[in-house]
Each structure stands twice: as C-alpha cells, then as structure tokens.
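> Input: one structure, supplied below.
The numbers here are math on the coordinates, done by the rules we state, and not lab data. All values derive from a computational prediction rather than experimental measurement. As a convention, Cβ positions derive from the backbone with ideal geometry for all residues, glycine included, and neighbour counts pool all protein chains shown.
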Amino acid sequence: MTSIAALQDLPHEFMVKLSNTMTISLVGEQADSYLQGQITVNINKLDANTARHFAHCDNKGKTWATGYVTRHLNKLLLLTNDDAGSHSLAQLNKYGVFSKVDIVDDSQAYSAHFISLDAAKSDEVKALLEQLFSGDKVAQLVDGDTADKGMLPKIESEHGVALVANTTRKGIVVLLDENGTKRLNALIETKTVVCYSHVVFDAIQIESVHALVRGEAVAEYVPQMINVHALNGIDFDKGCYMGQEVVARTRFLGKNKRAAYSFKLEEKVDIKPGDSLEKQLGENWRIAGKVLNVASLDNETWFIAVLNNDTTPEDLHRLADNNAITCYPNSLPYSIEQQASNIVKKRR
C-alpha cells in the first residue's frame, strides 16, 4: 500500500483498504428486537436505505464499541474497529443466547474500503460501482445529500453495501463480498486510483473526530464523552437498551463534562493511546486528559484526546511524557451541544 506524508497531500481520487475493522452480523427473527435492546440508536427506524453511527455500552453506560450500523439483505451489520468489536461480539453473544438470533464475526464475508467521493465519481470506479449496485442507486449515493439527522444514505445489492461515511473528507465506505472484492482489487491493481493503508482512514476519522475505543479505553467512557451524540449516534427518545439509564442521566442532569478533540502534529511523534495530555494554566501545567486514538503518517501525527468539554482551540497542551511537544486542539467539525428532546418536553 502507498504511504503518504500528510493528509493535505491526498489526491482528490483515492481509496483506503480498511484492514483493522470488524463486521458483526446479526440474523434471525429476533435480530431487530435484540439489537434494539443493545445499542444507542433506534433499530426500528433503520430502513434499507440508511446507516447510522452507534455506540454499544455496558450496563454502566461505558462504551464497548462505536461505528456504523446498517442492514444488508436479511442481516443487521455492525462495522467497528477490530479490538472494540471483539469485546462487543462477546457481550452480544453473552446475552443473545436468550433470543432467536445468530451473532457472528462476519469479517471474512466482507472486505471494507473507503473510497473518496471524487474517486467514486470517476469513470472507472463509478462504472464498477454501477456493476455491483444499480446505476441509479450509485448516482443517488454519490451525487445526493449527505447525512440528514444522523441518517446516512446507503445502498445495497447481493454484492454488499455502500454508505456515506460522514467524514470531513467526503467519501463512502463499501463492504463487498468475495466477488465484488475481486473486481475492486482488479481495479486497484491497474493503479487508476491510488490505494492507501488503513492508517490514512484512521487519520481521516481523527480529523473528523469519529472516536473509536480500543485497549484500556474499552468500557471507560460514556458515549457523550467521545461525542457519539454529536454524530447523531444516540437516540435519547428510544426505549431501554444496555446502559440507557446512565446515558440518559448524563444528558438530562448535565453531568457530562468531557468531550473528544483532535490534534495534529507537524511531525511523526511516538504517541500511544492512554498517554496523558497536560493543559497550560497560567505558568503551570495540569493533567487534562488521555489520548484515545492515534494515526502516524510519514511526516504528520493525528490524535484524539478526551478533555474537558469547555476546551477551546486557544488552549495550549503538551504531552506529559514528552513536554517538548506542544499543540492546540483543532476546532470541532460539529457541535457537541445537546438539543432538548421530546423526553425533556414531557418532563416539564
């Protein structure tokens, strides 16, 4: 796979092979009702034309996994990172034994790629997508509107699924079966469109502040602390699900004081998830939070840290273990403020 010095060097037309993902599938007559009681979005409103951001939490409201949820034919699919996915899969199966649902790691059945919007509109890639999906559907996906109130446009066929990624660098995520993957790989081998390794998508997600949990961060943060609500990944008006009481209480009682922020360093720096970040307060420095996600390109490092939710782009930070490295948080690409819901109106 081709490497790259910095995100600003990305061409307009490119792809990324998503090798660090897991696709979990749920199939069975009670798949919908079971998943409805597990994740933060309303599965009953998830139709064949949409995908959603989601979080899967433990009974204390701490996040096991984040990612995309969508449908493919008779399956419900959860697309997440492999580390969080393994935890989420184990917990889904732990409780799924009481429902008529089969829950499996379906990663071998699907290959995942990110395709930039300009690449998806190019003649060669669009022609392939039109072969794998219908032409009208592809045109609607790449030329239509983006996310509407958290509903991400999505198309499907027997070959797989394509959905709008909702990242700041516009593009689509495609999940393809073996046949579709072979045809896409054949196109990649022609080098008509450059294909990068997964770290480029990691950097794009960090730039977009799409936070993922892995390692020690699994089951550490309530989803609002990593901005899942800002991606419309929490339906506060839905019924009960794992951790729902804590997630709802965190919102309605205004208890959440944390949020995820992205940083960019103009060099390749050794940073690891879990590293501490300090904030300058006058002449002193105080621990501000922990690093959550990291993506190191050839000459650039991106990372997400969970900090106080009143952090501003003017707040100077440094790495606690390498205080020569100072940085400012990037402006958030969305609002983390929470609007009143129907539940709030009913309680007044």
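> Which is farthest toward the positive dipole end of region 257-333 among 299, 281, 323, measuring Cα position about the Cα centre, with Cβ charges +1 (Lys, Arg) and -1 (Asp, Glu)?
Checked the options; the winner is 281.
> List every residue whose amide H lies under 5 Å from the amide H of residue 64, counting only residues 5 or more places away in sequence or on a different chain, with H placed 1.01 Å from N in the peptide plane.
Amide H neighbours of residue 64, under 5 Å, 5+ apart: 56, 57, 58, 219.
> In addition: Check residue 196: other-chain or 5+ apart residues with amide H under 5 Å from its amide H, H built from backbone geometry?
Those lying under 5 Å, H to H, from residue 196 are 15, 16, 17.
> Tell me the mean residue ellipticity at 222 nm calculated for the chain from its helices only (DSSP H runs of n ≥ 4, each -39500 (n - 2.57), averaged over every residue, nearest 500).
The per-residue figure over the chain is -6500 deg cm²/dmol.
> Which FRET efficiency value, to the nearest 0.05, is calculated for residue 298 and residue 187 with the Förster distance at 35 angstrom and r the Cβ-Cβ distance?
After rounding to 0.05, the efficiency reads 0.85.
> Considering Cα pairs under 8 angstrom that are at least six residues apart, work out the relative contact order of region 24-153 and quote it in whole percent.
Normalised by residue count, the contact order of region 24-153 is 27 percent.
> Select one label from [x] 8; [y] 13; [z] 20: the one whose number is percent of Cα pairs over 39 Å apart as derived from the coordinates shown.
Derived directly from the coordinates: [y].
> Follow-up. Please find, in a Gaussian network model of the chain (springs between Cα atoms separated by less than 10 Å), the residue of 91, 38, 244 whose mean-square fluctuation is greatest.
91
> For residue 285 and residue 237, what does the FRET efficiency come to when R0 = 41 Å and r is the distance between their Cβ atoms, rounded to the nearest 0.05?
0.45
> Looking only at region 96-129, which residues have a backbone nitrogen under 16 Å from a spot 7 Å from the Cα of residue 178 in the C-beta direction?
Residues passing the 16 Å test: 106-112.
> For the chain, set up a GNM with springs between Cα atoms under 10 Å and report which of 44, 284, 20 has the largest fluctuation.
Maximum among the listed residues: 284.
> In the chain, once you exclude exposed chymotrypsin sites (Phe, Trp or Tyr not before Pro) (DSSP loop, at most 16 other Cβ within 10 angstrom), what's the longest stretch remaining?
Excluding the exposed sites themselves, the longest stretch runs over 99-333.
> Now for a different question. Hey, what did the chain get for relative contact order, percent, Cα under 8 Å, at least 6 apart?
It comes to 20 percent, rounded to a whole number.
> Once a ≥ b ≥ c are taken as the square roots of the eigenvalues of the Cα gyration tensor of region 241-309, is the result rounded (a/c under 1.5), prolate (a/b larger than b/c) or oblate (a/b not larger than b/c)?
Note, shape of region 241-309 comes out oblate.
> Can you list residues from other chains, or at least 5 along the same chain, whose modelled amide H is less than 5 Å from the amide H of residue 168?
HN-HN under 5 Å from residue 168: 208.
> Need one number for region 110-245: average projected area of the convex hull over its C-alpha atoms, nm².
9.7
> Can you give the extra length, in nm with one decimal, that the chain gains between residue 73 and residue 245 once fully stretched, where that is 0.36 nm per residue apart less the Cα-Cα distance?
58.7 nm
> Same structure again: What is the dipole size for the chain, taken about its Cα centre, with +1 at each Lys and Arg Cβ and -1 at each Asp and Glu Cβ, in debye to the nearest 20?
Here the chain has a charge dipole of around 1420 debye.
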